[in-house]
1. To the nearest 0.05, what FRET efficiency results for B:I534 and B:K244 with a Förster distance of 41 Å applied to their C-beta separation?
2. Between region B:314-357 and region B:61-78, what is the separation of their alpha carbon centroids in Å?
3. Grab the DSSP H runs of the protein assembly as shown that are 4 residues or longer, score each as -39,500 (n - 2.57), total them, divide by all residues and round the 222 nm result to the nearest 500 deg cm²/dmol.
4. For region A:193-201, take each phi angle, set θ = phi - 60°, evaluate the Karplus expression 6.51 cos²θ - 1.76 cosθ + 1.60, and give the result in whole Hz per residue in order, putting x for glycine and proline.
5. Sort out for me the Cα centre separation of region A:212-278 from region A:560-599, rounded to whole Å.
6. All other residues with a Cβ under 11 Å from the Cβ of A:V29 taken together, and with Lys, Arg as +1 and Asp, Glu as -1, what is their net charge?
7. Just need the relative contact order of chain B here, percent rounded to a whole number, with Cα pairs under 8 Å and 6+ apart.
8. Sequence-distant or interchain residues sharing an amide H contact under 5 Å with B:F315, placed H: which?
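Read-outs throughout are calculated quantities, based only on the coordinates presented, and are distinct from any laboratory measurement. Quick caveat, the model's predicted, so the values are computed rather than measured. Neighbour counts run over all protein chains shown; Cβ positions are idealised from the backbone, glycine included.
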Number of protein chains: 2
Amino acid sequence: MVNEDKNSVGIVETRTIRVIEPANPLPLVSGKTLAPIDVAYETYGTLSKSGDNTILICHALSGNAHVAGYNSPKDEKPGWWDIMVGPGKAIDTNKYFVVCSNFLGGCSGTTGPCSINPSTAKPYGLTFPIITITDMVRVQKLWLEKIGVKNVLAVIGGSMGGMQVLQWAIDYPDFVKSAIVIAASPRLSTQSIAFDAVGRNAILADPNFAGGQYHDQDAPDRGLAIARMIGHITYLSEHTMHKKFGRTLRASENYKYDFNSEFAVETYLDYQGQRFVERFDANSYLYITKAMDYFDLKKDYGSLTGAFEKAISRFLIVSFTSDWLFPPAQSKELVDALLANGKDVSYCNINTPYGHDAFLLEPDTLGNLINDFIHATRHPQEALAAQACLADRDRTKKVTMPGRARVDYALIESLIKPNTSVLDTGCGDGELLANLMLDKNITAKGIELDEKLVLACVKRGIPIIQHDIELGLANCSDKSFDYVILSQTVQTVKDPEKVFSEVLRIGKKVIVSFPNFAYWKARCQLLLSGKAPITGELPFHWYNSPNIHFLSLKDFDSFCEKLGVTIEKRIPLHKNRLSPVKLAANFFAEQAVYVTSRP
Amino acid sequence: MVNEDKNSVGIVETRTIRVIEPANPLPLVSGKTLAPIDVAYETYGTLSKSGDNTILICHALSGNAHVAGYNSPKDEKPGWWDIMVGPGKAIDTNKYFVVCSNFLGGCSGTTGPCSINPSTAKPYGLTFPIITITDMVRVQKLWLEKIGVKNVLAVIGGSMGGMQVLQWAIDYPDFVKSAIVIAASPRLSTQSIAFDAVGRNAILADPNFAGGQYHDQDAPDRGLAIARMIGHITYLSEHTMHKKFGRTLRASENYKYDFNSEFAVETYLDYQGQRFVERFDANSYLYITKAMDYFDLKKDYGSLTGAFEKAISRFLIVSFTSDWLFPPAQSKELVDALLANGKDVSYCNINTPYGHDAFLLEPDTLGNLINDFIHATRHPQEALAAQACLADRDRTKKVTMPGRARVDYALIESLIKPNTSVLDTGCGDGELLANLMLDKNITAKGIELDEKLVLACVKRGIPIIQHDIELGLANCSDKSFDYVILSQTVQTVKDPEKVFSEVLRIGKKVIVSFPNFAYWKARCQLLLSGKAPITGELPFHWYNSPNIHFLSLKDFDSFCEKLGVTIEKRIPLHKNRLSPVKLAANFFAEQAVYVTSRP
């Protein structure tokens, strides 16, 4: 309830504004036109004087403009993303001017199929023109101009909201400083189109649908409820469904042997269906799912890479491991297309059991990610400096990452020329890249598998892709970075040849570091004790080492020769000293740094 | 067409037989009774004199008794599993007497809700009693007795057919020599119940349903078609849907901007829905899906392990990697419960993109598996001997498995006492186990990850579980095997401590073999050349070795000490000689075999 919630935006009003007058209809993608168009919207927080703090939220299929707070003191539930939006919350209304509108075709105040068709004075129903995501975004742009917003710091949306975010970044690049795309897709999968089609079939099959003109009579509630039930199954993961309901029966331990809803999950679906028909319009459901089905950036722009050619926003793409409706692979397609364009893109695949609905249920990880990304977008130097702890940065200090020892960062930094582009594969929390950005003004990109470290990089404002380097980097073009760093990684991957070849393809120079297995202590230990060596740089037992390949400087020399790789620099190192080993390097060096290249 | 198909059973007739007379109704699980009951069935091939060659096929939700061949020369399509059943096919009608009946509650000849209710002289409709899988199997048993079948060599079924197979093996253990359970489950997942519930909702919401009494009027075709569409989406993997339809449009390259079916996948679903209503009864759909929802071996028997206590059949459990309706994890639950009971069970997770429907589309791998499993069930000694190539078995010959060198099998064989139980983890094609079965009469069980090798073991008649040993063996009880063999594996797994501890838990004795990393040639190579050693037992380069841990005899000694493991025997070996290394073993041995145990 409103009074119990201290971090709530409190009582808010959904306002309505006319953005298209009857005299000047809006041309739609379908070729038809539409007028008038009214937009229902809410705002929270205050627009800054310089107008640089607007955050636009795009809602999903069944959402509306009421994102946060309460429309009336009697409301039992707040807006649909209240866990994320409010004073002190991840999208902080003390800092930002947060706005959201019900999209075109919706049924919560914005013009849609249940609005009155001025030419018949009856609700449009199926005479409403088919609309697309592009049309929705165009109407949002008109609305923002009307309410005095001249650019947005971030556009954020999940699911179908994420599709709108993508369209925003493509259609209005100058207007959008950053784009946060959650659990979305460049186009629906075949399976999702199929589910949408079955849902629409259920509505159209309901005799109450009456060709869409059901407004004076019983609405097609059973059809709409069935469509909603199908949707609900796809929004949850099987894991969540199992945890929530299992095979529990509603009322008894024993089967009733009839066809009434009996399993708890059946009752849940009945309830969700019932709640939905009370607040949603069947025609809107048809139009909105059709707009989703039609959304296809590949088709519209010839290729996904082509679609993003003119985008200039910073991008944050987020997916959820257990989402099977908009699976992570679809988000990765977006990331690949943005990478291929050299755009500023970060990607995080949040580990969660909640399925597609996680974007409504994951305030912690997702909230931090959004908050940090927006902050770093607005105050990039501050984000970079704060995290790099400039004051007490000790360049000779050995940095130890969990699970592996990193070669001295200072040496690698010394090898990199200013104003170049650098990809750090396995970049950890981004310290090396942050230092390089501050000291040498490089263009940075990081790759890291660990979710926590990805978050740390986002906080610094470093473009970071959550990715397993073992899978290759197919969508980075050849020689697209001046330097690629492969630090203390080559001996930990399953297929060193594949990984090394891949980084040599995309980097003009590749800086590799690894522990030297032929270090004299290792040799002597094996020779004299007959046991697997344990040294400073090889500190693990044979059975718990992350190092799954063992190589020496000589081994790496042969490896480079075999692969036709040029060794530009070969720097054998002691454990803690920056000065290279001068004599009998393969015997005295504990580790090595190589600068390599392949034409 | 019938004439073009040389391996077809040709024209077959669906016959009907009365198994329950009006005077003696069948008591059902629900507490109600039913009479009369007629069963529609087909048979192919000839029952052998000894009556030992019957194969019972149980059909799935939408199937019927017409498995193979053609009911009429005009039929365009043969029976639903014609790819699998026929002369010379995987289920060879030249060898076996193959039988299938339409199940109770169906709509293809066996008594069901569209049969005439004798007390009203009208079709039952919703007055038909709720039936369960147990009831269906009971009726099948009565039918088999009527047609003179006294036992079955194999019961086979996929999906809901697999549920019936499980119930057969539980209810009539003496009757069933082997049970082949394909893409099934001990109970539906929450998600599957939800999909079933939505399908039933669509039928019940159709105004033509008329409380189930639609027989003299228009049937609830739209509702039934929607239920079928939902089903179809769940039977296919997203991958298959994408390959088959993608986002292709039916008629044009451009969108039509209306609500007619437009994407190819929509047209496909329309077609499938339409075809289904022509041949299926809506009431049957309700009753059959309810029977599936109610099937729950855990609930019925207290636990899944309890369910199989009295089963004595050989079991073959098969799942498909891309099946998300009956995912492999559910088959694994069955396997675990059977393992915990010490039953003769084999498991194969067939790698296929076809989803749940793979059981209708995978004649090659699945066919071989079924054919070989049934043959080995009927002729165990023949299967074992044929494959072990007894004639030219050379016990001192080095056997090299793809990707790894196996220690001499003869030595391990010599360590194992007759009439014991042996688990071979990573058993390859089962040669060692086959020899032990033949020579020492052991009870064998194999674990192997590679699908081809699993098939080879099934062909020999060895109970084989396709499983990654790294995941542990939680459902094998403590000390449930006299010996567990871990041959040339400990150095290739990610977590040797976990794997070794697990095999020590379930085996009274554990026989471990591995290459010796402290072999003198390896030591000298590292010392003198400063490169990663390459020897006979360590023949790989550092970057392509399957060995991801390196250990010596001394390392393993320390490892055993750390883990509190007793070393009963320690046999250092040369590469190709059976006689142990006598002096300075850690220096001169290329490999080692240990017999270990932990109380």
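1. Working: r = 48 Å, r/R0 = 1.18.
About 0.25, to the nearest 0.05.
2. 28
3. On the way: 40 runs with 404 residues, N = 1198.
That calculation yields -10000 deg cm²/dmol at 222 nm.
4. Whole-Hz 3J(HN,Hα) from phi for region A:193-201: 4, 4, 4, 4, 4, 5, x, 5, 4.
5. The two parts, judged by their Cα centres, are 64 Å apart.
6. Working: positive: A:K32, A:R138; negative: A:D135, A:D300.
Neighbourhood net charge equals 0.
7. Details: 1231 pairs, mean separation 56.9, N = 599.
In percent, rounded to a whole number, it is 9.
8. B:A179, B:D344, B:V345, B:S346
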